[in-house]
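Below you'll find the structure, written out as structure tokens, and then a few comments.
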Amino acid sequence: MTTSAAIIGGGIGGLATANYLIQHGWTVDVFERAAALPDTGTALGMWPEALAALDSIGAGDAVRAIGSQQRRGAIRRVDGSTIANINSHRGTAVLISRPPLLRTLAEGLPDGVVKFSSPIATIDDLAGYDVIIGADGVNSRVRTVVAGQQVDPEYLGVSALVGWAPGETDTVAETWGEQRIFGISPRDGNRTNWFAAYREPVDADIPAHPAAFLRSTFGHWHADVRDILARFDEESIIHYRIKQMPKLDSYIRGNVALIGDAAHAMTPNLGRGACETLVDAATLGAALVEHGVEGGLHKYDRKRRKHTQRLVTGARIMNRLALSTRYTGLRDGLLRAAVQIA
């Protein structure tokens, strides 16, 4: 008898989980409210754990071929001086932007598995499936079912603008200062990825003219930042407000499970959000295949909940450190010591 799964959300987690289960004989339907895969999105760092998850569904080599490999990075001050150099001792990270990652995951699925323009109003409509997986992001509706009440992500008073600039770069760096962050990294397609994070009031409006806002806010920073401001593609700019999830008591209830941002949305400061979503997908898939529905869901929750919740806390701490204007000398010294240990 074939086991079936309904996955709500056709993003990274939903597509990766569908790949894993289908490759192990499951019947899977992915319900995605959007009409198609997105053609915009920032670069994502695939650390070794995420690459291993991609390998488990046969997508790792394709991601390595598309992405940019990176072992080293730096954290810098507004004047361009170095706070800390970061060298990865755990293996090479691969930087890939969201659109080709999603395309790679979608190409591994049979036609018709992903049902676009198919929002799910209530999971009662999915009663015939053995497992229901909420991969529906930071504003998840499935989370209310699992938690037994509405649990909303917390806005941290920090917004971000992200985009790309034409041309390649070998720079992987974040610049910290003035309660702001500006990051630069390579991305596929002969482009440079960038992001800018800044504090703002909870009720602040989205900048009406983001390019002008960026140039007035960061235009006095060091030469690498000014170079990006001079050549970025204004049409590529995306604004979002940074949120994190409070701790849930469980990622499962009955035959329903949460993965990715629906369960543990975190600030981007550790670069772990997409990685942990992929690890969720592989862990949940393996647990269901090896232990069946009930045992597999409980095993997934035990393996992933506390670990990801610690990462949420760690990302929040890093966010506060990066945006701090107090005790920066002590912060910088501790940061240098920490990256040497890591």
Can you find a residue that is surrounded by 18 or more Cβ atoms within 10 Å (Cβ to Cβ) and without any contact (Cβ under 8 Å) to a residue 12 or more places away in the chain anywhere in segment 63-86?
no
Return the residues of segment 162-174 that are of a type outside the set (Val, Ile, Thr) and buried (at least 19 other Cβ atoms within 10 Å of the Cβ); say none if nothing qualifies.
Gly163, Trp164, Ala165, Ala173, Glu174
Being surrounded by 18 or more Cβ atoms within 10 Å (Cβ to Cβ), in contact with a Phe, Trp or Tyr (Cβ under 8 Å, 6 or more places away or on another chain) and outside any helix (DSSP H, G or I) narrows it down to one residue among Ser118, Ser159; which is it?
Ser159
For Thr40: the one exception among (1) under 30 Å from Glu235 (Cα atoms); (2) surrounded by fewer than 15 Cβ atoms within 10 Å (Cβ to Cβ); (3) free of Cβ contacts under 8 Å to residues at least 60 places away in the same chain
(3)
Among the residues of segment 208-225, is there at least one that is of a type in the set (Val, Ile, Thr) and under 22 Å from the mean Cα position of the chain (by Cα)?
no
Single condition Tyr198 does not satisfy, out of (1) touching a Pro at 6+ places or on another chain (Cβ under 6 Å); (2) of a type in the set (Phe, Trp, Tyr); (3) closer than 29 Å to Leu101 by Cα
(1)
Do we find a residue being over 16 Å from Gln70 (Cβ atoms), surrounded by fewer than 22 Cβ atoms within 10 Å (Cβ to Cβ) and acidic (Asp, Glu) anywhere in segment 175-188?
yes
Look through segment 178-192, keep the residues that are touching a residue at least 60 places away in the same chain (Cβ under 8 Å) and under 21 Å from Lys243 (Cα atoms), and return whichever of them is farthest from the chain's Cα centre (by Cα).
Glu178
For the list (1) assigned to a strand (DSSP E or B); (2) touching a Ser or Thr at 6+ places or on another chain (Cβ under 9 Å); (3) over 17 Å from Val225 (Cβ atoms), I need the number of the one condition that Thr192 fails.
(3)
So Arg143 fits all but one of (1) crowded, with 21+ Cβ neighbours inside 10 Å; (2) assigned to a loop (DSSP other than H, G, I, E, B); (3) among the charged types (D, E, K, R); what number is the exception?
(2)
Check on Ser117, touching a Pro at 6+ places or on another chain (Cβ under 9 Å) and either in the same structural domain as Ala197 (by TED's automatic domain parsing) or hydroxyl-bearing (Ser, Thr, Tyr) (or both):
no
Go through (1) in contact with a Pro (Cβ under 9 Å, 6 or more places away or on another chain); (2) over 17 Å from Pro153 (Cβ atoms) and name the single condition Gly333 misses.
(1)
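The values are calculated or read from the model by the stated rules, or taken from the named source; none is laboratory data. Since the structure is predicted, the reported quantities are computational estimates derived from the model, not experimental observations. Neighbour counts are summed over all protein chains in view; Cβ atoms, including those assigned to glycine, are modelled from backbone coordinates with ideal geometry.
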